[in-house]
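Asks: Below you will find the structure I want to go over with you.
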Amino acid sequence: MTQADPTDFTAGIPHATEARASSLPILRQRLAAIGTTLLYVAITAFLGRHLLSNLSTTVAHDAGDPLLTAALLKWNATHWPLTDAWWQLPIFLPTRDTMAFSEHLLGISAVASPIYWMARDTLVTSNLVTLLTYPLCAMAMYALVFRLSGSVAAALVAGLAYGFAPYRVSQLPHIQMLAAFWAPLAKNAGLKVQ
């Protein structure tokens, strides 16, 4: 008698192994993923058209949290993370190690820093990263659902539901809440490879 593998997240899903080994040829799978990505980017461009037309002068929501997160993203792009200089965010002077008082946003800085290095504009970086979270979340869920089901249609709908959920609109000033693409990526990485 064999014991169930506790790391098998697909246990109980009928034909999960066969679904992951989709019958779609690799080229069609890639074309579907590219087409879906373009669709998600187009939806994001449409929804963010007012922000896109004024990237360097408009804040995504209000002048509170988005400006703080923009400053944190710039700080992360211009200082080596976790060094003594990085901890000395210039707030609450003369207190030291003030980065510990705020969210560091290091995870999203992997996306934001290269944008800042190219654009050299704090607001442009923050606004682009805010908008990028939509297709990134959608594509991460697309990848997970496609891997589990083998269905492009199911993956497309799941990506739309996850990436463009109404909840995300209320969290627009909080980039740390919008950047939830890590969750489906982590689940996808945790799936047992057969």
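The values are calculated or read from the model by the stated rules, or taken from the named source; none is laboratory data. Remember, it's a predicted structure, so these values are computed and weren't measured experimentally. In this analysis, Cβ positions are derived from the backbone assuming ideal geometry, glycine residues included, and neighbour counts consider all displayed protein chains. These accessible areas exclude ligands, DNA and RNA; they are computed on the full protein's heavy atoms, side chains included. Shrake-Rupley method; radii C 1.70, N 1.55, O 1.52, S 1.80 Å.
Asks: Let me have the 222 nm mean residue ellipticity of the chain computed from DSSP H runs of 4+ only, each contributing -39500 (n - 2.57), with the sum over all residues rounded to the nearest 500.
Replies: Rounded to the nearest 500, it is -19000 deg cm²/dmol.
Asks: For segment 111-194, which trypsin sites (Lys or Arg not before Pro) pass both filters: DSSP loop (anything but H, G, I, E, B) and at most 14 other C-beta atoms within 10 Å?
Replies: ARG120, LYS192
Asks: With bins 10 Å wide starting at 0, give me the P(r) of the chain over every alpha carbon pair, in whole percents.
Replies: Bin by bin from 0 Å, the calculated values are 9, 29, 29, 20, 11, 2, 0.
Asks: OK, next. Calculate, for the chain, the solvent-accessible area per residue in square angstrom, rolling a 1.4 angstrom probe over the heavy atoms of the protein chains.
Replies: 57 Å²
Asks: Report the gain in length on full extension from ALA63 to LYS187: 0.36 nm times residue separation, minus Cα-Cα distance, nm rounded to one decimal.
Replies: Difference between extended and current length: 41.2 nm.
Asks: Helix 65-78 against the longest principal axis of the chain: what's the angle in degrees, Cα atoms only, rounded to the nearest 10?
Replies: 90 degrees
Asks: Let me ask another. How far is helix 26-47 tilted, in degrees, relative to the longest principal axis of the Cα atoms in the chain, given as a value from 0 to 90 rounded to the nearest 10?
Replies: On a 0 to 90 degree scale, this one is about 40.
Asks: What list of ³J(HN,Hα) couplings, whole Hz, do you get for segment 135-150 from phi and the Karplus terms 6.51, -1.76, 1.60, once you set θ to phi - 60° and write x for glycine and proline?
Replies: Once rounded to whole Hz, the list reads x, 5, 4, 4, 5, 5, 5, 4, 4, 5, 5, 5, 5, 6, 10, x.
Asks: Counting other Cβ atoms within 10 Å, which chymotrypsin sites (Phe, Trp or Tyr not before Pro) in segment 65-171 have at most 15 and lie in a DSSP loop?
Replies: The qualifying sites are PHE92.
Asks: Applying the Karplus parametrisation 6.51 cos²θ - 1.76 cosθ + 1.60 with θ = phi - 60° to the phi angles of segment 162-179, what ³J(HN,Hα) value in whole Hz is obtained for each residue in order, glycine and proline being reported as x?
Replies: Karplus-based 3J(HN,Hα) across segment 162-179 equals 7, x, 10, 4, x, 4, 5, 5, 5, 9, 3, x, 10, 4, 5, 7, 6, 7 Hz.
Asks: I've got another one for you. Full-extension gain between LEU47 and THR78, please, as 0.36 nm times their residue separation minus the C-alpha to C-alpha distance.
Replies: 8.1 nm
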